[in-house]
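The structure appears right after this line, and notes come after that.
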Amino acid sequence: MYWFRRLRYFSGLILPLGLFFILLLTGTFGYMLIEKYSFFDALYMTVITVGTVGYMEVHPLSVAGRVFTVCIILVNIGAFTFFVTYLTRYLLDGEFIRTYKQMKMDNAIQQLRNHVIVCGLGRNGTECAQVLHNNNIPFVVVEEKNEMPDDLPFKVDYFMKGDATKDETLHEAGIEHARAIIATMPIDADNLFMVLTARQLNPNITIISRASQDSSVGKLKIAGANNVIMPDKIGGAQMATLVLNPDVQEMIALMASKNNKQFQLVEMVATKNTSLSDINLWARTGSTLLAVKNANEYILNPGPSFVIHGGERLILMGSEEQLEQAKKLL
(Lines give C-alpha, C1' and ligand atoms only; values in the text may rest on other atoms or scores of the structure.)
Protein backbone atom coordinates (compact mmCIF):
# COMPACT_ATOMS: atom_id res chain seq x y z
CA MET A 1 0.00 0.00 0.00
CA TYR A 2 2.85 2.40 0.84
CA TRP A 3 4.54 1.99 -2.53
CA PHE A 4 1.23 2.08 -4.36
CA ARG A 5 0.50 5.50 -2.83
CA ARG A 6 3.94 6.70 -3.83
CA LEU A 7 3.47 5.63 -7.47
CA ARG A 8 0.75 8.23 -7.98
CA TYR A 9 3.36 10.98 -7.67
CA PHE A 10 4.82 9.80 -10.98
CA SER A 11 1.51 9.43 -12.79
CA GLY A 12 2.58 12.20 -15.17
CA LEU A 13 5.30 9.94 -16.59
CA ILE A 14 3.08 6.90 -17.07
CA LEU A 15 1.79 7.95 -20.51
CA PRO A 16 5.14 8.58 -22.24
CA LEU A 17 6.80 5.56 -20.64
CA GLY A 18 3.78 3.43 -21.49
CA LEU A 19 3.98 4.46 -25.15
CA PHE A 20 7.68 3.60 -25.21
CA PHE A 21 7.14 0.09 -23.85
CA ILE A 22 4.19 -0.50 -26.19
CA LEU A 23 6.38 0.47 -29.13
CA LEU A 24 9.16 -1.81 -27.86
CA LEU A 25 6.84 -4.80 -27.43
CA THR A 26 5.09 -4.20 -30.75
CA GLY A 27 8.41 -4.11 -32.58
CA THR A 28 9.71 -7.21 -30.81
CA PHE A 29 6.68 -9.37 -31.51
CA GLY A 30 6.39 -7.92 -35.02
CA TYR A 31 9.89 -9.09 -35.97
CA MET A 32 9.21 -12.46 -34.35
CA LEU A 33 6.10 -12.93 -36.48
CA ILE A 34 7.34 -11.42 -39.75
CA GLU A 35 11.02 -12.46 -39.80
CA LYS A 36 10.81 -15.47 -37.44
CA TYR A 37 13.49 -13.96 -35.21
CA SER A 38 14.13 -15.28 -31.74
CA PHE A 39 12.88 -13.10 -28.88
CA PHE A 40 16.32 -11.68 -28.11
CA ASP A 41 17.14 -10.98 -31.78
CA ALA A 42 13.76 -9.30 -32.26
CA LEU A 43 14.23 -7.19 -29.14
CA TYR A 44 17.75 -6.21 -30.22
CA MET A 45 16.50 -5.26 -33.69
CA THR A 46 13.70 -3.16 -32.21
CA VAL A 47 16.05 -1.34 -29.83
CA ILE A 48 18.59 -0.39 -32.54
CA THR A 49 15.75 0.71 -34.81
CA VAL A 50 14.01 2.81 -32.15
CA GLY A 51 17.35 4.16 -30.95
CA THR A 52 18.39 5.01 -34.56
CA VAL A 53 21.98 3.93 -33.83
CA GLY A 54 22.57 2.72 -37.40
CA TYR A 55 23.79 -0.84 -36.69
CA MET A 56 23.35 -3.54 -39.34
CA GLU A 57 20.32 -5.83 -39.28
CA VAL A 58 20.61 -9.03 -37.26
CA HIS A 59 19.57 -10.93 -40.39
CA PRO A 60 18.73 -9.67 -43.89
CA LEU A 61 15.19 -8.31 -43.92
CA SER A 62 12.42 -9.34 -46.29
CA VAL A 63 10.25 -6.76 -48.01
CA ALA A 64 7.62 -7.11 -45.31
CA GLY A 65 10.30 -6.70 -42.66
CA ARG A 66 11.58 -3.52 -44.28
CA VAL A 67 8.06 -2.08 -44.47
CA PHE A 68 7.57 -2.93 -40.80
CA THR A 69 10.89 -1.25 -39.96
CA VAL A 70 9.87 1.91 -41.82
CA CYS A 71 6.62 1.98 -39.81
CA ILE A 72 8.52 1.62 -36.54
CA ILE A 73 10.88 4.47 -37.48
CA LEU A 74 8.02 6.80 -38.42
CA VAL A 75 6.06 5.99 -35.26
CA ASN A 76 9.23 6.38 -33.20
CA ILE A 77 9.83 9.88 -34.56
CA GLY A 78 6.37 10.96 -33.40
CA ALA A 79 6.67 9.16 -30.07
CA PHE A 80 10.12 10.59 -29.40
CA THR A 81 8.91 14.13 -30.17
CA PHE A 82 5.93 13.66 -27.87
CA PHE A 83 8.12 12.23 -25.08
CA VAL A 84 10.63 15.11 -25.22
CA THR A 85 7.85 17.72 -25.30
CA TYR A 86 5.98 16.09 -22.43
CA LEU A 87 9.09 15.65 -20.29
CA THR A 88 10.20 19.23 -20.91
CA ARG A 89 6.81 20.57 -19.90
CA TYR A 90 6.79 18.31 -16.82
CA LEU A 91 10.12 19.72 -15.67
CA LEU A 92 9.84 23.36 -16.72
CA ASP A 93 6.19 24.02 -15.83
CA GLY A 94 6.85 23.24 -12.18
CA GLU A 95 5.01 19.93 -12.10
CA PHE A 96 8.12 18.10 -10.89
CA ILE A 97 8.69 20.66 -8.12
CA ARG A 98 5.06 20.43 -6.97
CA THR A 99 5.29 16.63 -6.95
CA TYR A 100 8.49 16.72 -4.92
CA LYS A 101 6.99 19.14 -2.39
CA GLN A 102 3.88 16.97 -2.06
CA MET A 103 6.04 13.91 -1.42
CA LYS A 104 7.84 15.74 1.38
CA MET A 105 4.50 16.95 2.76
CA ASP A 106 3.01 13.44 2.78
CA ASN A 107 6.09 12.04 4.50
CA ALA A 108 5.79 14.74 7.18
CA ILE A 109 2.08 13.98 7.67
CA GLN A 110 2.87 10.31 8.26
CA GLN A 111 5.08 11.36 11.19
CA LEU A 112 2.29 13.32 12.93
CA ARG A 113 0.72 12.04 16.13
CA ASN A 114 -2.31 13.32 18.07
CA HIS A 115 -3.22 15.80 15.33
CA VAL A 116 -6.54 17.00 13.91
CA ILE A 117 -7.79 16.43 10.36
CA VAL A 118 -9.88 19.23 8.85
CA CYS A 119 -11.88 18.08 5.81
CA GLY A 120 -12.86 21.01 3.62
CA LEU A 121 -11.47 24.54 3.76
CA GLY A 122 -14.56 26.63 3.19
CA ARG A 123 -15.71 29.30 5.62
CA ASN A 124 -16.25 26.86 8.49
CA GLY A 125 -13.10 24.88 7.78
CA THR A 126 -11.02 28.05 7.67
CA GLU A 127 -12.35 29.13 11.07
CA CYS A 128 -11.57 25.70 12.53
CA ALA A 129 -8.04 25.79 11.14
CA GLN A 130 -7.58 29.34 12.47
CA VAL A 131 -8.46 28.31 16.04
CA LEU A 132 -6.25 25.21 15.84
CA HIS A 133 -3.37 27.33 14.52
CA ASN A 134 -3.81 29.93 17.29
CA ASN A 135 -3.66 27.18 19.90
CA ASN A 136 -0.62 25.45 18.39
CA ILE A 137 -2.49 22.22 17.67
CA PRO A 138 -1.09 20.38 14.62
CA PHE A 139 -3.69 19.83 11.91
CA VAL A 140 -3.92 18.47 8.37
CA VAL A 141 -6.18 20.13 5.81
CA VAL A 142 -7.78 17.78 3.26
CA GLU A 143 -9.15 19.64 0.25
CA GLU A 144 -10.05 18.70 -3.32
CA LYS A 145 -8.48 21.89 -4.67
CA ASN A 146 -4.93 21.71 -5.95
CA GLU A 147 -3.51 24.50 -3.83
CA MET A 148 -4.24 26.52 -0.69
CA PRO A 149 -5.95 29.93 -1.02
CA ASP A 150 -3.50 32.82 -1.06
CA ASP A 151 -5.50 35.03 1.31
CA LEU A 152 -5.43 32.84 4.43
CA PRO A 153 -4.47 34.87 7.54
CA PHE A 154 -2.43 31.96 8.93
CA LYS A 155 0.02 29.34 7.72
CA VAL A 156 -1.09 25.80 6.94
CA ASP A 157 1.85 23.47 7.54
CA TYR A 158 0.17 20.26 6.38
CA PHE A 159 -2.04 20.19 3.30
CA MET A 160 -3.05 17.40 0.99
CA LYS A 161 -5.30 17.24 -2.05
CA GLY A 162 -7.88 14.47 -2.03
CA ASP A 163 -11.43 13.30 -1.51
CA ALA A 164 -12.09 13.05 2.23
CA THR A 165 -14.79 10.40 1.72
CA LYS A 166 -12.24 7.85 0.45
CA ASP A 167 -10.33 5.44 2.69
CA GLU A 168 -6.96 6.03 1.05
CA THR A 169 -7.21 9.80 1.53
CA LEU A 170 -7.87 9.50 5.25
CA HIS A 171 -5.08 6.93 5.55
CA GLU A 172 -2.67 9.40 3.99
CA ALA A 173 -3.90 12.10 6.38
CA GLY A 174 -2.83 9.84 9.27
CA ILE A 175 -6.27 9.03 10.68
CA GLU A 176 -4.87 6.07 12.61
CA HIS A 177 -2.85 8.47 14.79
CA ALA A 178 -5.19 11.51 14.81
CA ARG A 179 -7.02 12.73 17.90
CA ALA A 180 -9.99 14.19 16.01
CA ILE A 181 -11.42 14.77 12.55
CA ILE A 182 -13.66 17.70 11.56
CA ALA A 183 -16.02 17.43 8.59
CA THR A 184 -16.88 20.90 7.25
CA MET A 185 -17.92 20.04 3.71
CA PRO A 186 -21.00 21.92 2.47
CA ILE A 187 -22.99 18.82 1.43
CA ASP A 188 -24.44 16.73 4.27
CA ALA A 189 -24.21 13.52 2.24
CA ASP A 190 -20.42 14.00 1.87
CA ASN A 191 -20.06 14.62 5.60
CA LEU A 192 -22.16 11.54 6.36
CA PHE A 193 -20.03 9.32 4.16
CA MET A 194 -16.84 10.76 5.63
CA VAL A 195 -18.08 10.12 9.19
CA LEU A 196 -18.84 6.49 8.33
CA THR A 197 -15.41 6.05 6.76
CA ALA A 198 -13.55 7.72 9.63
CA ARG A 199 -15.36 5.73 12.31
CA GLN A 200 -14.55 2.50 10.50
CA LEU A 201 -10.85 3.36 10.12
CA ASN A 202 -10.39 4.62 13.69
CA PRO A 203 -13.11 3.60 16.18
CA ASN A 204 -11.60 5.77 18.95
CA ILE A 205 -11.26 9.05 17.07
CA THR A 206 -13.37 12.09 17.97
CA ILE A 207 -15.54 13.08 14.99
CA ILE A 208 -17.12 16.52 14.67
CA SER A 209 -19.33 17.19 11.68
CA ARG A 210 -21.15 20.12 10.16
CA ALA A 211 -24.81 19.78 9.15
CA SER A 212 -26.99 22.04 7.04
CA GLN A 213 -30.34 20.30 7.56
CA ASP A 214 -32.05 19.34 10.84
CA SER A 215 -32.82 15.91 9.38
CA SER A 216 -29.09 15.21 8.96
CA VAL A 217 -28.17 15.62 12.63
CA GLY A 218 -29.55 12.28 13.79
CA LYS A 219 -28.13 10.43 10.79
CA LEU A 220 -24.65 11.84 11.39
CA LYS A 221 -24.73 10.82 15.05
CA ILE A 222 -25.91 7.33 14.14
CA ALA A 223 -23.07 7.13 11.61
CA GLY A 224 -20.56 7.83 14.39
CA ALA A 225 -20.19 11.59 14.85
CA ASN A 226 -19.53 12.61 18.46
CA ASN A 227 -20.85 16.11 17.86
CA VAL A 228 -22.87 17.68 15.05
CA ILE A 229 -22.80 21.44 14.57
CA MET A 230 -25.29 23.50 12.58
CA PRO A 231 -23.45 26.79 11.84
CA ASP A 232 -26.57 28.69 10.70
CA LYS A 233 -28.53 27.79 13.84
CA ILE A 234 -25.61 28.58 16.16
CA GLY A 235 -24.99 31.87 14.36
CA GLY A 236 -28.61 32.94 14.75
CA ALA A 237 -28.68 31.99 18.43
CA GLN A 238 -25.45 33.89 19.05
CA MET A 239 -26.78 37.04 17.38
CA ALA A 240 -29.90 36.92 19.57
CA THR A 241 -27.76 36.33 22.68
CA LEU A 242 -25.65 39.36 21.82
CA VAL A 243 -28.80 41.45 22.13
CA LEU A 244 -29.67 40.01 25.56
CA ASN A 245 -26.20 39.60 27.11
CA PRO A 246 -23.57 41.04 24.80
CA ASP A 247 -20.64 41.03 27.24
CA VAL A 248 -21.37 37.52 28.47
CA GLN A 249 -21.52 36.14 24.94
CA GLU A 250 -18.31 37.93 23.96
CA MET A 251 -16.52 36.55 27.02
CA ILE A 252 -17.70 32.99 26.28
CA ALA A 253 -16.46 33.26 22.69
CA LEU A 254 -13.11 34.54 23.97
CA MET A 255 -12.83 31.70 26.48
CA ALA A 256 -13.60 29.10 23.82
CA SER A 257 -10.95 30.36 21.38
CA LYS A 258 -8.20 31.52 23.75
CA ASN A 259 -5.66 28.94 24.88
CA ASN A 260 -2.19 29.78 26.16
CA LYS A 261 -0.10 29.27 29.29
CA GLN A 262 -1.89 32.09 31.14
CA PHE A 263 -5.43 30.92 30.35
CA GLN A 264 -6.85 27.56 29.30
CA LEU A 265 -10.31 26.03 29.25
CA VAL A 266 -9.86 22.25 29.38
CA GLU A 267 -11.65 19.04 30.22
CA MET A 268 -10.21 16.16 32.20
CA VAL A 269 -11.50 12.87 33.59
CA ALA A 270 -11.71 12.33 37.35
CA THR A 271 -9.96 9.16 38.54
CA LYS A 272 -11.32 9.00 42.10
CA ASN A 273 -14.33 9.90 44.24
CA THR A 274 -13.97 13.10 46.25
CA SER A 275 -16.02 16.09 47.38
CA LEU A 276 -15.13 19.63 46.37
CA SER A 277 -14.91 20.70 50.01
CA ASP A 278 -12.25 18.06 50.70
CA ILE A 279 -9.94 19.02 47.86
CA ASN A 280 -10.60 22.79 48.17
CA LEU A 281 -9.69 23.22 44.52
CA TRP A 282 -9.64 27.02 44.30
CA ALA A 283 -7.55 27.57 47.44
CA ARG A 284 -5.01 24.87 46.59
CA THR A 285 -4.62 25.40 42.83
CA GLY A 286 -6.29 28.67 41.80
CA SER A 287 -8.23 26.90 39.05
CA THR A 288 -12.01 27.00 38.73
CA LEU A 289 -14.36 24.07 38.17
CA LEU A 290 -17.06 25.28 35.79
CA ALA A 291 -19.04 22.10 35.23
CA VAL A 292 -19.15 18.33 35.70
CA LYS A 293 -20.52 16.00 33.05
CA ASN A 294 -21.82 12.61 34.12
CA ALA A 295 -23.65 10.00 32.08
CA ASN A 296 -26.93 11.93 32.12
CA GLU A 297 -26.33 15.67 32.31
CA TYR A 298 -24.07 18.65 32.97
CA ILE A 299 -23.88 19.98 36.52
CA LEU A 300 -22.98 23.66 36.19
CA ASN A 301 -21.11 25.55 38.94
CA PRO A 302 -21.23 22.69 41.49
CA GLY A 303 -21.19 23.70 45.18
CA PRO A 304 -18.70 22.72 47.91
CA SER A 305 -20.76 19.70 48.97
CA PHE A 306 -20.79 18.22 45.49
CA VAL A 307 -19.11 14.80 45.20
CA ILE A 308 -17.07 14.02 42.09
CA HIS A 309 -17.07 10.38 40.99
CA GLY A 310 -14.35 8.61 39.04
CA GLY A 311 -14.99 8.64 35.30
CA GLU A 312 -16.89 11.94 35.27
CA ARG A 313 -15.62 14.65 32.92
CA LEU A 314 -14.66 17.96 34.48
CA ILE A 315 -14.55 21.36 32.77
CA LEU A 316 -11.89 23.56 34.39
CA MET A 317 -10.50 27.04 33.80
CA GLY A 318 -7.10 28.34 34.80
CA SER A 319 -3.48 28.74 33.79
CA GLU A 320 -1.37 25.84 32.59
CA GLU A 321 0.37 25.56 35.98
CA GLN A 322 -2.90 25.73 37.91
CA LEU A 323 -4.50 23.04 35.76
CA GLU A 324 -1.50 20.73 36.21
CA GLN A 325 -1.91 21.02 39.98
CA ALA A 326 -5.65 20.35 39.65
CA LYS A 327 -4.95 17.28 37.57
CA LYS A 328 -2.85 15.80 40.37
CA LEU A 329 -5.67 16.33 42.87
CA LEU A 330 -8.44 14.98 40.64
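Look at the range 301-314 and say how many of its residues are of a type outside the set (Gly, Ala, Ser) and part of a loop (DSSP other than H, G, I, E, B). It would help to see each step written out before you state the result.
So the first thing to find is which residues in the range 301-314 are of a type outside the set (Gly, Ala, Ser), and the list is 301-302, 304, 306-309, 312-314.
Within this subset, residues satisfying the condition of being part of a loop (DSSP other than H, G, I, E, B) are 301-302, 304, 306, 309, 312.
Of the residues in that region, 6 qualify.
Out of the range 59-102, which residues are over 30 Å from residue 29 (Cβ atoms), of a type outside the set (Val, Ile, Thr) and assigned to a helix (DSSP H, G or I)?
Of the residues in the range 59-102, the ones over 30 Å from residue 29 (Cβ atoms) are 88-89, 91-102.
Restricting the remaining residues to those that are of a type outside the set (Val, Ile, Thr) gives 89, 91-96, 98, 100-102.
Across the range 59-102, the qualifying residues are 89, 91, 92, 95, 96, 98, 100, 101, 102.
When you scan the range 299-313, do you find a residue that is more than 23 Å from residue 132 (Cα to Cα), polar (S, T, N, Q) and out of contact with any strand residue (DSSP E or B) (no Cβ under 6 Å at 6 or more places or on another chain), even just one?
Taking the range 299-313 and keeping what is more than 23 Å from residue 132 (Cα to Cα), we get 299-312.
This time we only want the ones that are polar (S, T, N, Q), so: 301, 305.
Subsequent filtering for residues that are out of contact with any strand residue (DSSP E or B) (no Cβ under 6 Å at 6 or more places or on another chain) retains 301, 305.
Among the residues of the range 299-313, at least one is more than 23 Å from residue 132 (Cα to Cα), polar (S, T, N, Q) and out of contact with any strand residue (DSSP E or B) (no Cβ under 6 Å at 6 or more places or on another chain), which makes the answer yes.
Might you check whether a residue that is surrounded by fewer than 18 Cβ atoms within 10 Å (Cβ to Cβ), in contact (Cβ under 8 Å) with a residue 60 or more places away in the chain and more than 28 Å from the chain's Cα centre (by Cα) occurs anywhere in the range 84-100? Show your work before the answer.
Applying the first criterion (surrounded by fewer than 18 Cβ atoms within 10 Å (Cβ to Cβ)) to the range 84-100 yields 84-100.
Then drop every residue that is not in contact (Cβ under 8 Å) with a residue 60 or more places away in the chain, which leaves 86-87, 90, 95, 99.
Next, from what is left, pick out any that are more than 28 Å from the chain's Cα centre (by Cα): 86-87.
Yes, the conditions are met somewhere in the range 84-100.
Cβ-Cβ under 8 Å, sequence separation 6+ or interchain: first residue in the range 54-69 and touching a residue at least 40 places away in the same chain (Cβ under 8 Å), partner exposed (fewer than 15 other Cβ atoms within 10 Å of the Cβ) and assigned to a loop (DSSP other than H, G, I, E, B). Which pairs?
none
Residue-by-condition table, conditions (1) at pLDDT 85 or above; (2) part of a helix (DSSP H, G or I); (3) touching a Cys at 6+ places or on another chain (Cβ under 9 Å); (4) loosely packed, with under 15 Cβ neighbours inside 10 Å:
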| position | (1), (2), (3), (4) |
| --- | --- |
| 228 | yes, no, no, no |
| 237 | no, yes, no, yes |
| 248 | no, yes, no, yes |
| 254 | no, yes, no, yes |
| 261 | no, no, no, yes |
| 283 | no, yes, no, yes |
| 292 | yes, no, no, no |
| 299 | yes, no, no, no |
| 316 | yes, no, no, no |
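Among the residues of the range 138-157, how many are modelled with pLDDT of 90 or more and more than 8 Å from the chain's Cα centre (by Cα)? Step through it out loud before you land on a result.
Within the range 138-157, the subset modelled with pLDDT of 90 or more is 138-142.
With more than 8 Å from the chain's Cα centre (by Cα) added as a condition, the list becomes 138-139.
Number satisfying all stated conditions: 2.
Only one of 55, 37 is at pLDDT 75 or above, in contact with a helix residue (DSSP H, G or I) (Cβ under 6 Å, 6 or more places away or on another chain), outside any helix (DSSP H, G or I) and of a type in the set (Ser, Thr, Tyr); which? Explain how you work it out, then say what you get.
Details: 55 fails: at pLDDT 75 or above.
Result: 37 is the single residue among 55, 37 that is at pLDDT 75 or above, in contact with a helix residue (DSSP H, G or I) (Cβ under 6 Å, 6 or more places away or on another chain), outside any helix (DSSP H, G or I) and of a type in the set (Ser, Thr, Tyr).
Give the residues of the range 189-219 that are outside any helix (DSSP H, G or I), buried (at least 17 other Cβ atoms within 10 Å of the Cβ) and of a type in the set (Ser, Thr, Tyr), sorted by residue number.
209
Of the conditions (1) more than 15 Å from residue 79 (Cα to Cα); (2) modelled with pLDDT of 85 or more; (3) in contact with a Ser or Thr (Cβ under 9 Å, 6 or more places away or on another chain), residue 27 satisfies every one except a single condition; which number is it?
In the conditions (1) more than 15 Å from residue 79 (Cα to Cα); (2) modelled with pLDDT of 85 or more; (3) in contact with a Ser or Thr (Cβ under 9 Å, 6 or more places away or on another chain), residue 27 misses (1) alone.
Pairs, please: C-beta under 8 Å, at least 6 apart or cross-chain, first residue of a type in the set (A, V, I, L, M) and in the range 210-231, second at pLDDT below 90 and open to solvent by 80 Å² or more (accessible area, probe 1.4 Å)?
Hits for this filter: 230/214.
Grab the strands (runs of 3 or more DSSP E) fully contained in the range 103-177, keeping just those with 2 or more residues being open to solvent by less than 80 Å² (accessible area, probe 1.4 Å) and among the charged types (D, E, K, R).
Working: elements: 116-119, 139-143, 159-161.
By residue number, no strands (runs of 3 or more DSSP E) qualify.
The values are calculated or read from the model by the stated rules, or taken from the named source; none is laboratory data. This one's a predicted model, so the numbers in the text were calculated from it and none came from an experiment. Virtual Cβ from ideal backbone geometry, glycine too; neighbours counted across all protein chains shown. For accessibility, only protein heavy atoms count, side chains too; no ligands or nucleic acids. Shrake-Rupley method; radii C 1.70, N 1.55, O 1.52, S 1.80 Å.
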